[in-house]
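The values are calculated or read from the model by the stated rules, or taken from the named source; none is laboratory data. Not measured: the values here are computed from a predicted model. Neighbour counts are summed over all protein chains in view; Cβ atoms, including those assigned to glycine, are modelled from backbone coordinates with ideal geometry.
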Amino acid sequence: MADVTPTRSAVLELKDERRAMHEGYVFLDEKCLLLAGEILREIALHEQAWRALQVAHDDAVAALRAAVARNGLEGLQVYPAADLDAVRVHATKRSLMGVALQSVELLGQASASAPAADRSPEAEGCRRAFLLLLERAAARGAHAGNLERLSLEYRRSVRRARALQDVLLPECDHTVRDLETRLEELEQEDAIWMRQGASLVGR
């Protein structure tokens, strides 16, 4: 810290400042614990969403193969695609210690954009499988975003807590001790001058 004039008021101000720093450190420490707990919960949800996405992907690949085998590649290419106009992404938002978190789901029903000339159960199943894959991908993406934001805020809070614990608080303690030492020396000098002055007056 910058050079501070050794006065009792300066010492009291620094002690108040140190108390505020310590309270900030305690808050950041508790914040890190809460964020770490939420990160663990989001990791579990992300892994669950990832497994569901893998299953949906495998089912979609199998459905695609069956549809190609039934309709042929050209026939599947001209098969009416799903109409997603009625489908929307619904995000449920919440906040933890200022970190924005969300869960995502697809709402609404998709339908064929046009009637199929040669309707086949395999092609219909392929469409449904890829719609489910899209839904699972959206859910996993939301958890991945949550983890990224939580991780960023956790690292930032840890850096601030360490700066307080390892730099600012020790520096403030050192300054307070130094000021108190200098004040004691000044008070001793004043006492010596007063005794000398009293002895001179008494002569």
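Confirm whether R195 is at pLDDT 90 or above and of a type in the set (D, E, K, R).
Against the criterion (at pLDDT 90 or above and of a type in the set (D, E, K, R)), R195 does not qualify.
Tell me yes or no: at least one residue of the stretch 20-27 is closer than 30 Å to E187 by Cβ and in contact (Cβ under 8 Å) with a residue 60 or more places away in the chain.
Taking the stretch 20-27 and keeping what is closer than 30 Å to E187 by Cβ, we get 20-22.
Checking which are in contact (Cβ under 8 Å) with a residue 60 or more places away in the chain leaves us with 21-22.
Yes.
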Self-check item: Residues satisfying the stated conditions in the stretch 97-150, i.e. basic (K, R) and more than 20 Å from P80 (Cβ to Cβ)
Solution: R136, R140, R149
Practice problem: Report, ordered by the first and then the second residue, all pairs with beta carbons closer than 9 Å, sequence separation of six or more or different chains, a first member in the stretch 155-178 that is among the acidic types (D, E), and a second member that is part of a helix (DSSP H, G or I). | Solution: D173/R18
Quiz item: Before we move on, is E124 charged (D, E, K, R) and in a strand (DSSP E or B)?
Solution: no
Quiz prompt | All positions within the stretch 156-195 that are under 30 Å from L35 (Cα atoms) and among the basic types (K, R) | solution = R156, R159, R160, R162
Exercise. Answer yes if at least one residue in the stretch 14-27 is modelled with pLDDT of 95 or more, within 30 Å of C172 (Cα to Cα) and touching an Asp or Glu at 6+ places or on another chain (Cβ under 8 Å), and no otherwise.
Key: no
Exercise. Check whether at least one residue in the stretch 54-61 is farther than 30 Å from L179 by Cβ and either more than 34 Å from the chain's Cα centre (by Cα) or outside any helix (DSSP H, G or I) (or both), and report yes or no.
Key: yes
Quiz item: Cβ-Cβ below 7 Å, separation at least six or inter-chain, first residue in the stretch 65-87 and in a helix (DSSP H, G or I), second of a type in the set (V, I, T): which pairs?
Solution: L76/V68
Quiz item: Which one of these is in a helix (DSSP H, G or I), in contact with a helix residue (DSSP H, G or I) (Cβ under 9 Å, 6 or more places away or on another chain) and closer than 29 Å to V11 by Cα: E171, E135, E185, E180?
Solution: E180
Quiz item: Would you call R51 more than 29 Å from L147 (Cα to Cα), of a type in the set (K, R) and out of contact with any strand residue (DSSP E or B) (no Cβ under 6 Å at 6 or more places or on another chain)?
Solution: no
Exercise. Test L101 against the criterion of being in contact with a strand residue (DSSP E or B) (Cβ under 9 Å, 6 or more places away or on another chain), crowded, with 16+ Cβ neighbours inside 10 Å and touching a residue at least 40 places away in the same chain (Cβ under 8 Å), and give yes or no.
Key: yes
Self-check item: Residue check for D166: exposed (fewer than 15 other Cβ atoms within 10 Å of the Cβ), at pLDDT 90 or above and under 30 Å from the mean Cα position of the chain (by Cα)
Solution: yes
